[in-house]
Structures are given as structure tokens and as C-alpha cells.
1. Taking into account only those residues within region 284-329 that are among the β-branched types (Val, Ile, Thr) and assigned to a helix (DSSP H, G or I), which is farthest from VAL210 (Cα to Cα)?
2. Go through region 65-167 and tell me which strands (runs of 3 or more DSSP E), entirely inside it, have 3 or more residues that are in contact with an Asp or Glu (Cβ under 7 Å, 6 or more places away or on another chain) and surrounded by 13 or more Cβ atoms within 10 Å (Cβ to Cβ).
3. Of the residues ARG89, ARG38, which single one is out of contact with any Pro (no Cβ under 8 Å at 6 or more places or on another chain), more than 15 Å from ALA317 (Cα to Cα) and modelled with pLDDT of 85 or more?
4. Among the residues of region 190-225 satisfying the criterion of being at pLDDT 80 or above and in a helix (DSSP H, G or I), which is surrounded by the most Cβ atoms within 10 Å (Cβ to Cβ)?
5. Exactly one condition in (1) surrounded by 11 or more Cβ atoms within 10 Å (Cβ to Cβ); (2) at pLDDT below 80 is false for LYS232; which is it?
Amino acid sequence: MHVFKRFQLYARHHRRQAGLGMGLSAGAGYAAAMLFSRASWSAGPGGMPPAAYLVVALALVIGLLVLTYAFEVWKEKRLIENIPTSKVRSLAMGLVEVKGGARPKARLKSPVTLTDCVYYRYKIEKYVRSGKSSHWSVVDEGASTNYFYVEDETGRILADPVDADVHLGRDYQWTGDKPGSGWGPFGGDKMRYSEWWIVEGEPVYVIGTVTRWKDARDDRRFKIAERLRAIKADRDQLKTFDRDGDGRVSADEWEQARQRVEQDVLREELDHPADTSDDFVITRDQANGVMIVSDTSEKDLARRYGWQAAGLFVLGAGLVSWMGALLLR
């Protein structure tokens, strides 16, 4: 997975640390630029001192990273265009593309508008004035982490949105004064609230890797262990396994209790067969690094990736060419 993609995933879950790192990097870049300008000035027309070469080399490396990331984004664009859409019933382990309606694994409500949904993302921003300039500063943001189903006419499968690249059209935005913060031109924090949702039944498009989410044997062991733990915590229930009435449960008596619980669990599985749609999940595979969830069409999504790749390519190529020319000069 590309270093920029790793940073993006890290920043999604550690916003404050990522912001601090970007701030420090920006400060270091500014100091390096000042050092470069002063060093170039003091070096005169004959050349650059070693410190300036170091700054140029660093910028060259950043340009190369941007270029390689542009090719990664272009690769994902081609993947969106070329990978065939599969039906849920015929999915195989590995990289897949599915389309279908979103169904809830757990019913959710979005935090701002309390909208019933299967997935949400929200952002709360505050309008900040600093001297003659002003900008929107993020106060809080987040997204749901619950799995949801993608269902077509052949079946359904779980999708994991936690580390996915989620592309949704904005469903709600409101801008105004924060309640209770004052009024008029001298009071009140100006706030902006935004939300993105996937509601039940909404068509979704998912690319990711099918992996096994849970194993039936491990699930059975977990149920048995949980019930035995509950028996140990309940004195009255524990006494029912004290066959000889000596006030304690021997090893043989506890083994009989374990066998009974196991039989109860097996009987319940026969009476109520497990939903096999919960055995597999579409998620991000760290090897290929692709996991996309979108409510837009495949064509529009591919176009968006194409424009992003083109912009990154121009930025990276320009930075590499500029720094390369400085080194050659």
C-alpha cells in the first residue's frame, strides 16, 4: 500500500496526531525554504551550498512520491472500469465487485439529524477569523463502523466500511449560529454541520476482498464458553450440577455440565440454522489496498479517479521537473 494511502487511513482514525504531524512538517518545510533562499542568496551566481542541495533533494523525493501515488490512483481507476460485477451467490474469495441494495446489520441513526441509516459520516466545522483571513475549522467529525449488507437478487454479503474509501454525495448541510452562543454581529459562533448517509435499500457499489469473517466452529466454542462462564457466576445454577451434594462441583461433574451445554448449543443450531451471509465479508486487503464503497455510478466514480490521478500527475511531474532543473543548473 502506498505511503500516502497509509497516512490517509491513519489520519482517519488519529486526526489530532496526523494534524500535529502535518503542522510540524509544514513548519519544517517553511524553515527549509527560508534556509534555501538565504543559502542560495549567499552562494551567489556560481552555485548552491550543501544545505540548499539537501532541500532540493527532499522536494524531489516528495515529487516522486506524488508521481507514484498518481499511478496508484490511475491503477484503481482502471480496476473500477475493468473488474466484472459478480452476483453475491457466485462470489469467490479474493478481489470482487458487487452492486446491490444496502441492508442493515445494525440499525443506526446519524448523530446530527438522527436519520435512520446503515452507514453515516458527519463533520462539524466552526468559522474562524484570524486577522484579515478566515476559514472553516473542523471541530468534530466521524463515521459509523458497523458492517452492513449488500444485497442483490441472489443473496447478501457483509461490507466493512471502516478502512474503505467511501464516496457519497452530501445528504445534509446546515450553516448558522451555534445555539446558546449569542446573537448579532458581536456574538455567536458560526457553525456548519454536514452529513452523508447510506439508507436502507439505497443502491451501493462495492469493490474489495472477500474474506472469511467468522468460522462456525469458533463461533460454537465462543457460545459454549460464554454459557459456562454464566453458569460459574450463578450459584443457584451451579448447584444443579452438584450431583453428590457435597457443596462443590468436581471435575467429572463440570465435564458433564460442559457436555450438556455443548448439546444444547448443537440442538439450537439444528433448530435455527445460521445465516451463512454472515460468514464472509468484503473488506480492505492490506496486500492490494483496495476497498471502495460508493453511491454513485461506476462511470462517474471512474471519472473522479481519473481527474484525481491527472491532478496528482501534473503536481508530481511539475515538482520533479522544477527540482531536477535546479540540480542540473
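The values are calculated or read from the model by the stated rules, or taken from the named source; none is laboratory data. On a predicted model such as this, the values are computed, not experimentally measured, just so you know. Here the Cβ is made from the backbone with ideal geometry for all residues, glycine too, and neighbour counts use every protein chain on show.
1. Looking only at region 284-329, we keep the residues that are among the β-branched types (Val, Ile, Thr), and these are 290, 292-293, 296, 314, 320.
Checking which are assigned to a helix (DSSP H, G or I) leaves us with 314, 320.
Details: VAL314: 35, VAL320: 38 Å.
Among residues in region 284-329 that are among the β-branched types (Val, Ile, Thr) and assigned to a helix (DSSP H, G or I), the one farthest from VAL210 (Cα to Cα) is VAL320.
2. Values: elements: 94-104, 119-130, 133-143, 148-152, 155-159, 165-167.
In region 65-167, 94-104, 119-130 are the strands (runs of 3 or more DSSP E) which contain 3 or more residues that are in contact with an Asp or Glu (Cβ under 7 Å, 6 or more places away or on another chain) and surrounded by 13 or more Cβ atoms within 10 Å (Cβ to Cβ).
3. Details: ARG38 fails: modelled with pLDDT of 85 or more.
One residue alone meets the criteria, ARG89.
4. ILE224
5. Just one mismatch for LYS232, condition (2).
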